[in-house]
1. Using Cβ counts within 10 Å as a stand-in for footprinting exposure, how do S181, S62 rank, fewest first?
2. Would you order M214, M108, M168 from fewest to most other beta-carbon atoms within 10 Å of each residue's own beta-carbon?
3. Could you size up the charge dipole of region 99-229 around its Cα centre, putting +1 on the beta carbon of Lys and Arg and -1 on that of Asp and Glu, and report it in debye to the nearest 20?
4. Would you list, by chain and number, the lysines whose Cα falls below 17 Å from the Cα of K178, excluding same-chain residues fewer than 8 positions away?
5. Would you mind calculating the gained length between E43 and E196 on full extension (0.36 nm times residue separation, minus the Cα-Cα distance), in nm to one decimal?
6. Checking the cross-link filter: which lysines have an alpha carbon closer than 23 Å to that of K121, excluding same-chain neighbours under 8 positions apart?
7. Please compute the modelled spin-label separation between S30 and N136, points set 7 Å along Cα→Cβ, answer in nm with one decimal.
Amino acid sequence: MGDAANLIVKSVNRRTLSRQVVDRIIQLLSSGQLKPGDRLPTEMELMEKLEVSRPVLREALSALETLGIITRRPRGGTYFNDQIGSQPFSVMLALSVDNLPALVEARMALELGLITIAAEKITDEELARLKETIRNIAESPDNNYGEHDREFHRIIAQSARNPVVQGMIDSLLVAHAKTDSLIRIRERERTVRHHEAIYEALCKHDPYESFQQMYRHLNFVRQKLLRSQDAPPPTESE
């Protein structure tokens, strides 16, 4: 591990502070000053070097922890995860977490590829689990179905059973959670229809139709999110 006193970390300006802190901490890896598994400087040291407040630093550290880039151990310090070098998608996601168009397109690129593979490999047991998530969405109270929605997409991604992209799936689900959190008005009936169409295509093991139905669904989500960026705060709860 490098000496914390000798680490070179650029200070940040006052715009988008937590995002810039994320960038600077990741630069400790990309510059080679620290390696996967190394311990980060203490909060006080980082606050001094980055010239930011404790709330800003902790917001950035929480984002990095959610993305699987660091682990914070109670009374044990903060460490870069050992496997971060094998998960470059997580790093890119961290750097683009505030870029909504890029985030949605990254999710589309990964899910559309995975579903064509899943269509060939998905099992009856996995199809039954998909059907269960659709039923849970349809029956969810107060349109509170985010976790069932993520489970639907998780099952499809994992059913591709491709070890090369396995490390990207967790990052995909982080992107899903991020985009899902920005949806202001939910449309449960439309979600159920989209998911049922995807499910039926997968039941036929048809990669072409599966791709088309997933694109239809994700493109709808993309357009809805991009429209919401410039919209005023809603009067109706999500």
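Derivation of every value follows stated rules applied to the coordinates shown; laboratory data play no part. Please read these numbers as outputs of a predicted model, since none were measured by experiment. Cβ sites come from the backbone with ideal geometry, for glycine too, and all protein chains shown count toward neighbours.
1. S181, S62
2. Neighbour counts put them in this order, fewest first: M108, M168, M214.
3. About 480 debye.
4. K224
5. Taking E43 through E196 to full extension adds about 50.3 nm, to one decimal.
6. Qualifying lysines at Cα under 23 Å: K131, K204.
7. Between N136 and S30, the simple spin-label model gives 3.7 nm.
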